[in-house]
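First up is the structure itself, then whatever we jot down about it.
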Amino acid sequence: MNRYQNEDMEIDETLKELEREFHLSFTDYDVQYPNEEQMMMTIEQLRPLVPQKKKRRIAKKSGASNILKRSIYEFFYISPIFWGINGLFLIIFFLAALVGKENPYHLMIILAPLPMLTGLFEVLKSRQDGMEELERSFLFSFQEIILSRLFITGAFNLVINMILTAFLSLVYPQMELGKLLLSWITPFTLITALSFLIVNRLRNIYMITAWNVIWIGCGFISVSSFMDKLENVPVSVYVMIIVVAILCILGRMMKMYKGDFEYEAVD
């Protein structure tokens, strides 16, 4: 018994000796924490190396300029299918207005947002083609690419609606111009706002196809009943919808450009 106790004591002594040796060896590596004066000196030395923050007004100008430049570049890469589909919509509109004698207000409500809806195909084409990750590595930020595509489709939609308004004003001189403008500005701004809100949440491109089919189908099916009720909606309601939609668009654009934009991956 005494023999085992002696061995344990020897082991304890050996461990204590090793602990002292380790402690002495590590004291050479102690790092003295700098005092406050030394820290302030270091900060002052590094201050000139910190990049100056750009003024907000200059940053906004450069951001808008980048989006416009990118929009010009993206314009030449818009798919011919996009132009073809919207050309077909125009032909259908002209035939319905001239030959079919359809109510022009109803036609504008149905056809006004369609270029924007079909434009979502172009906005999300990088995901469909498997090029999303490559676009994230471009000189332009991914937010600028998405915004530029939305800008192109929105501007094209606006031009188309203005052409249709001018056409209907010539064909139907008795039409109320204010009512005609409200009949396309309201669905246009509303669909554009929804596009900005859900563009990063669309899981696949088939959802856009479904949207187009549902919008056109519901529009033509309910022409005789629902559309007549829309004509009787007070002007103030239309104006309120337009204002809210525009504020939503502007707010979403600012968030997207600042980087608050998460593009969900495809399953």
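What's the ranking of 181-189, 156-164 by average number of surrounding C-beta atoms within 10 Å, highest first?
181-189, 156-164
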> Can you put Thr165, Thr192, Thr14 in order, fewest other beta carbons within 10 Å first?
Replying inline: Thr14, Thr165, Thr192
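Bear in mind these aren't lab numbers, they're just calculated from the coordinates by the rules spelled out. From a predicted model like this one, the values you see are computed outputs, not experimental measurements. Neighbour counts run over all protein chains shown; Cβ positions are idealised from the backbone, glycine included.
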